[in-house]
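The values are calculated or read from the model by the stated rules, or taken from the named source; none is laboratory data. Computed from a prediction, not measured in an experiment: that's the story for all the values here. As a convention, Cβ positions derive from the backbone with ideal geometry for all residues, glycine included, and neighbour counts pool all protein chains shown. Please note that ligands, DNA and RNA were not included when accessible areas were found on the heavy atoms of the full protein model with its side chains. Shrake-Rupley method; radii C 1.70, N 1.55, O 1.52, S 1.80 Å.
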Amino acid sequence: MKTVIEKGNVITPQGIMENGSLLIENGVIKAVSKPVIEIADAIHIDVNNKYVSPGFIDLHVHGGGGCDFMDGTTESFLTIAATHLSHGTTAMMPTTLSSTRESIHGILDCYEKARLINSKGAKFLGVHIEGPYFAMAHRGAQDPRYMRNPDKAEYSEILNRHSCIKRWSVAPELEGALEFGKLLASKKIIPSIAHTDAVYSDVEKAVANGYSLVTHLYSAMNGVFRRNAYRYAGTVEAAFLMDELDVEIIADGKHLPVPLLQLIYKIKGADKICLITDAMRAAGTDVTQSILGKIDDGIPVIIEDDVAKLQDCSSFAGSIATADRLVRVMWKEAGINLADVIKMMCTTPARIAGVQDSVGSIVTGKNADIVIFDDSVNIESVFIKGQQMI
């Protein structure tokens, strides 16, 4: 089957092509052209000057549509994937929370079942394990009952049993975390710095041992601080200074205000930033109370000011954002040019996840994972491998 998407503002790696067209054949982009592509036997879709973007890629998402991956059911996995697809996400990394060993095994087993039957939602790129090896001082909304130092016997068993793990977020200053990071990197699993009390020198050691990503920059980590008369650089400053490190940011306009979003972009640049939702189960709903984590054993949270919070308001508890909101905030509120926003929402995440050869940009030969949206980032259509899903 051939499809031509025509008369759109096509967002390419070179910039925005006005009045551009795409030829899609058998799920693959076959041509990107400014003139209208005249093919008699193709389905022609006139998008009337709307934006034609690569599908959004979310490397850190916990839930949506009233479900959380920690529920451990295929129904929850499929509901979350479908919820975020409707907001432009065509690929995602299902993400866990700090939990028991048994619960982690259960989520990973469930992922494998859900992956095989996920035909109506965002594609799964492998699992992101967030925790439980975190610093208590920076636990944020992670459940303190389950936080602990890296346990070699535990993580070895998990890694040996499951092949779907693509990323693991860890506090690198903890005892055993450097050895763990080196092992992860050797297995082509991304070691990521998160919920950490690390100072600059700790991050230097982490990078030397394979850590290459910073989980939700600024959230649950040290910035510059003082001990007596002396100032010390924290994880935030290390992330800015070390070119080896990519960073992810929750660009919902709540976790980070616009000036910080602009600062991160100015220092790191679009090639080193990926936008993430960090969405919990209330994303895509209108509830005012919810649960972070497993439905029968998670942490009660409130939803107010367009964000999830612990009940005492001492910490955010994940976002309720969807990917279209991230694009809207970065473009309309932070004033960053749309081509770079899409790079941070699509191209850089694809490269970090190691899937850049097939998705993440509108390039001939890549899968036709496409999102069409208007000037307010309202999602009009979503395609996965050329099939119109929304």
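Among the residues that make up the stretch 243-260, is at least one of them open to solvent by less than 20 Å² (accessible area, probe 1.4 Å) and within 13 Å of ALA171 (Cα to Cα)?
no
Can you name the number of the only condition in (1) in a helix (DSSP H, G or I); (2) aliphatic (A, V, I, L, M); (3) open to solvent by less than 30 Å² (accessible area, probe 1.4 Å) that ALA137 fails?
(3)
For the stretch 86-104, what are the residues that are open to solvent by 10 Å² or more (accessible area, probe 1.4 Å) and over 20 Å from PHE316 (Cα atoms)?
Across the stretch 86-104, the qualifying residues are SER86, HIS87, THR100, ARG101, GLU102, SER103.
What do you reckon, is GLY335 farther than 15 Å from THR90 by Cα and within 17 Å of the chain's Cα centre (by Cα)?
Spelling it out, it is not the case that GLY335 is farther than 15 Å from THR90 by Cα and within 17 Å of the chain's Cα centre (by Cα).
Test of understanding: among GLY121, GLY66, GLY131, which residue is crowded, with 18+ Cβ neighbours inside 10 Å, touching a Gly at 6+ places or on another chain (Cβ under 9 Å) and either modelled with pLDDT of 95 or more or small (Gly, Ala, Ser) (or both)?
GLY66 is the lone residue from the list that is crowded, with 18+ Cβ neighbours inside 10 Å, touching a Gly at 6+ places or on another chain (Cβ under 9 Å) and either modelled with pLDDT of 95 or more or small (Gly, Ala, Ser) (or both).
What residue, among those in the stretch 89-107 that are over 13 Å from the mean Cα position of the chain (by Cα) and in a loop (DSSP other than H, G, I, E, B), is farthest from LEU292 (Cα to Cα)?
THR100
For the stretch 271-316, enumerate the residues that are open to solvent by 30 Å² or more (accessible area, probe 1.4 Å), in contact with a Cys (Cβ under 9 Å, 6 or more places away or on another chain) and under 22 Å from SER99 (Cα atoms).
Matches in the stretch 271-316: ILE295, ILE302.
Between residues in the stretch 169-180 that are among the charged types (D, E, K, R) and residues that are open to solvent by 10 Å² or more (accessible area, probe 1.4 Å) and outside any loop (DSSP other than H, G, I, E, B), which pairs lie under 9 Å by C-beta distance while being six or more apart or on different chains?
Within 9 Å, the pairs are GLU173/VAL199; GLU173/ASP202; GLU173/LYS205; GLU179/LYS152.
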